[in-house]
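The values are calculated or read from the model by the stated rules, or taken from the named source; none is laboratory data. None of the values given here were measured: they were computed from a predicted structure. Here Cβ is always computed from backbone atoms with ideal geometry, including for glycine, and neighbour counts include all displayed protein chains.
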Ligand code: S3P
């Protein structure tokens, strides 16, 4: 691998993946800790915080709202919160490329008696925001969108509790409602059709909020306060996905990932890769602030990957891992069938269209569906010019597919990886044998 410019990355075929890594902190958890720390009383110390640009956007927003954010010499981030009262920011809140920042911040901000404008880059400004406007307006917030999108203007003020049934499986929407709910008057309750990642619930508890969960509802009493915490952020499973998938492509691979987030609402990837034929050892499991963390060792299937179907609840739980699973599926025996994943069309890019376009560029046959993809197995891919569409997960997914292709692949817009995983190319190089 070598880069010709920061935006272009050349990937050469590999023989094997081998080594041991500890990955930067989980993006979803880092966002939530940054936001809650910004509103908490006291100084929160976070180690292994995500190094991605997205989480820097969340830190930037809480700083603009009056929190003090310090990057310490030992790599830790310390956030001294606003003790329950955000200030009126002097300018707009720039969420960059981060849907998580925009949606979850909206919930956290809405109860504060100021005017907020949240903006994002071109990709974020195309993504749907009605999904947070509806529940927050039901709670009494005044929110103006621009044709369903950012910029978002929030005229904040006291909110009242609601009972809400999330119409789409979205952890961001769930978290936005809970982040407003613990500050509202009354008890907010919420149900979801699919159990999405529960980092919002766990982070609230870690910061001292009482929250109840029954089989089908989560509820949180309003008027609660946050207290600063000390936390180590677990390694990011969605970043690990690229290396775990790459490892399954070569029968002699052996990869160990230490300190990896193993939250059951995020670990469906391990089940899928097991159905694909990979084998895992999980060691040193421990719980940190409610989050499960462990060491994962993967060995690749000796006789190649089988195939897999992903639909229903699995599609929602694996939403960030679907691009890389689709990208490697042509190398499996039976391929992949993905359905119920319409949300992929409104991520940082239209991930269904871009996965199909790039697989075709590598010579694969693919069928695109409104809510998924069919990628038949037993296909050989060749090196190609890949269009990341400025989407981090597309750039990284096709860097992985390129490792088993014949010939070299050029990833255009490779620098997008820095949105979630700036170390991706150097770590991939470190564990790739040629
Ligand atoms: C996230 C939830 C998912 C995911 C995103 C992070 C989160 O989005 O795709 O990368 O941290 O809650 P949705 O909630 O929109 O499905």
Within the stretch 237-250, is there a residue that is outside any helix (DSSP H, G or I), within 15 Å of the ligand (Cβ to nearest atom) and crowded, with 17+ Cβ neighbours inside 10 Å? no
Have a look at 17, 23, 65 and point out the one that is surrounded by 16 or more Cβ atoms within 10 Å (Cβ to Cβ) and under 30 Å from residue 223 (Cβ atoms). 65
Go through 254, 263 for me and flag whichever is surrounded by fewer than 22 Cβ atoms within 10 Å (Cβ to Cβ), over 18 Å from residue 21 (Cβ atoms) and touching a strand residue (DSSP E or B) at 6+ places or on another chain (Cβ under 9 Å). 263
Give the residues of the stretch 161-181 that are modelled with pLDDT of 95 or more, surrounded by 15 or more Cβ atoms within 10 Å (Cβ to Cβ) and assigned to a strand (DSSP E or B), sorted by residue number. 164
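Output the residues belonging to the stretch 314-338 that are within 16 Å of the ligand (Cβ to nearest atom) and either assigned to a loop (DSSP other than H, G, I, E, B) or more than 18 Å from residue 384 (Cα to Cα) (or both).
314, 315, 316, 317, 318, 319, 320, 321, 322, 325, 338 - these are the residues of the stretch 314-338 that are within 16 Å of the ligand (Cβ to nearest atom) and either assigned to a loop (DSSP other than H, G, I, E, B) or more than 18 Å from residue 384 (Cα to Cα) (or both).
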Failed criterion for residue 137 (all others in (1) assigned to a helix (DSSP H, G or I); (2) surrounded by 16 or more Cβ atoms within 10 Å (Cβ to Cβ); (3) away from the ligand (no atom under 16 Å from the Cβ) hold): (2)
Which listed residue, of 57, 85, 50, is modelled with pLDDT of 95 or more and away from the ligand (no atom under 16 Å from the Cβ): 85
The listed residue being in contact (Cβ under 8 Å) with a residue 60 or more places away in the chain, surrounded by fewer than 24 Cβ atoms within 10 Å (Cβ to Cβ) and more than 12 Å from the ligand (Cβ to nearest atom), out of 215, 206: 206
Residue 305 is checked against (1) crowded, with 20+ Cβ neighbours inside 10 Å; (2) within 16 Å of the ligand (Cβ to nearest atom); (3) in a loop (DSSP other than H, G, I, E, B) and fails just one. What number does that condition carry? (2)
